[in-house]
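Structure, as structure tokens:
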Amino acid sequence: MSFPNLTAVVTLLALLAYIWMGARVGGARRTSGIAAPAMSGDPTLERYLRVQGNTLEWLPIFLGSLWLFAHYWGDLLAAGIGLIWIVGRVLYAIGYSASADKRELGFIVQMIASAVLLFGALGKAVLSAIA
């Protein structure tokens, strides 16, 4: 496979992970008995909502960086780092959903993956611009 096939697959997997997180919010709403638009009142629901919200906050950073990194560094490397980001988000979701103090590992994994993609793309873009 060549650019951008693997990056496209990872993009779609990241979006599926986000959909999964949204479905988990729906399940937590049913379990808690708290219907939309209410956003609070049950700590479990609030953690599920925070997982979904935090992931939405990171998606633009991740997706833009992923595609620019793939452009500058290659599809395979970008896709590999993108998969690490997804694993981090899933770890974050599972940990945070269980308890707020269990979110750190997943957050750190996805944050490092995002930083590599972002600064890797930025570095190559700057070097390309001045070369």
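No lab work stands behind these numbers, since they all come straight from the coordinates. Remember, it's a predicted structure, so these values are computed and weren't measured experimentally. Note that we place each Cβ from the backbone using ideal geometry, even for glycine, and neighbour counts take in every protein chain shown.
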Report, please, the projected area of the chain averaged over directions, based on the convex hull of its C-alpha atoms, in nm². 8.4
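Report the calculated FRET efficiency for A115 and W20 (r = Cβ-Cβ distance, R0 = 30 Å), to the nearest 0.05.
Numbers: r = 24 Å, r/R0 = 0.80.
Calculated transfer efficiency: 0.80.
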Towards the positive end of the charge dipole of the chain, with charges on Cβ (+1 Lys, Arg; -1 Asp, Glu), say which of M21, H71, L83 has the farthest Cα. M21
Most mobile listed residue (M111, M39, M21) in the chain, GNM with C-alpha springs under 10 Å: M39
Quick check on the exposure proxy: order S99, S65, S114 from fewest to most C-beta atoms within 10 angstrom. S99, S114, S65
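Please get the size of the charge dipole for the stretch 17-131, origin at its Cα centre, with Cβ charges of +1 on Lys and Arg and -1 on Asp and Glu, quoted in debye to the nearest 20.
Values: 9 positive and 6 negative charges, 41 e Å.
The calculation lands at about 200 debye.
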Among F62, F119, F107, the residue with the largest mean-square fluctuation in a Gaussian network model of the chain built from Cα contacts under 10 Å is F119
Could you pull the Cα extents of the stretch 65-131 along its three principal axes, largest to smallest, in whole Å? 49, 20, 11
